[in-house]
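Some notes on the structure that comes next.
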Amino acid sequence: MQQGNLEVEPGIRIHFSVRGPEGPALVVPNDSWVAGPLRPLARGRRIVSYDLRGRGLSSSVEDRDRLGVAFDVADLEALRRHLALDRPVVFGHSYCSAVALLHALDHPDAVSGLVLVGAFAARRLPWHDTELPSLGEMIRPPGSTRLGALRAGKVHRTDPRTYAREWMRHYLLPQQVARIENVDLVPLDACDLPNEFPEKWIPDWLERIYPSLGDWDWRPRLPALDVPVLLVWGETDRGPPEAEQEWLSGLPRGEMLAVPGAGHWPFCENPDVFFPAVERFLGR
């Protein structure tokens, strides 16, 4: 495995890894969370994974005006050029689906395909019109006895790694997986990294990164994206059929996979369905 750091701006470094033999490249943002579970895709191809600025093993960003989707898109293109990747497929999970999509729209000759897992709807309204939880509610979830006890004991300060893991287990993942027992299928090694402590990344997400998307509506640009796009949702993570149809009717070469028994982490929750389907898509 090759590892390195790319300075995308003065003082801002992106950490990346290259796994697998020479062959077609699959670029995966959010390395610290998803590269491990996606290891089965490394057979016969290179997986180039990296952490977004301010996340994982990448450097922290002190100037929060340097955070947002436009910067993440630019960083993806900078890494592609740095590694001289010729039209890779880009794999985007959750928010990174937006990064992958916008990069492909801005650089139509730079990629040969997209795999978008747990993507947002193609427009914000009306599908994403509910307000996000407040910063206080996310960092100190009301009603969580376990997390309340940990915070009362100052564990979030004395042992932030343990608190980050327990926060994922007791707050975020139960909202994302199809069944509560699936929480244990999602690796939590990333919680050991200071950039992944809730007090660090949640304010960045709520106050800078998500707002940078604005009232997005990508539908007018989708017909110009003439590459294969695989949209993957776990069955319990799917939005209304109308939202899915907006994706499929807009993309010239789009197709959809619904993974049973899975929510927002289908590659962890139901790998037996997820990986053969994605392999078929990548092998065309």
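Table for the structure above
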quantity	calculated
Cα-based equivalent ellipsoid of segment 133-223: semi-axis lengths in Å, sorted from largest, via gyration tensor	27, 17, 13
Paramagnetic reach from LEU132 in segment 187-225 [backbone N under 15 Å; point 7 Å along Cα→Cβ]	198-216
Per principal axis, descending, Cα span of the chain in whole Å	53, 43, 36
Kirkwood-based Rg to Rh ratio, segment 196-283, C-alpha trace	1.03
Base-10 log of normalised Debye intensity for segment 59-211 (one unit scatterer per alpha-carbon) at q = 0.09, 0.11, 0.19 Å⁻¹	-0.36, -0.54, -1.34
Accessible solvent surface per residue of the chain, calculated while the other protein chains remain in place, 1.4 angstrom probe, Å²	44
Share of carbon and sulfur in the accessible heavy-atom surface of the chain [1.4 Å probe, %]	50
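The values are calculated or read from the model by the stated rules, or taken from the named source; none is laboratory data. Since the structure is predicted, the reported quantities are computational estimates derived from the model, not experimental observations. Positions of Cβ are backbone-derived with ideal geometry, glycine not excepted, and every protein chain shown enters the neighbour counts. Each accessible area value is taken on the protein alone, full model and side chains, heavy atoms only, with ligands, DNA and RNA left out. Shrake-Rupley method; radii C 1.70, N 1.55, O 1.52, S 1.80 Å.
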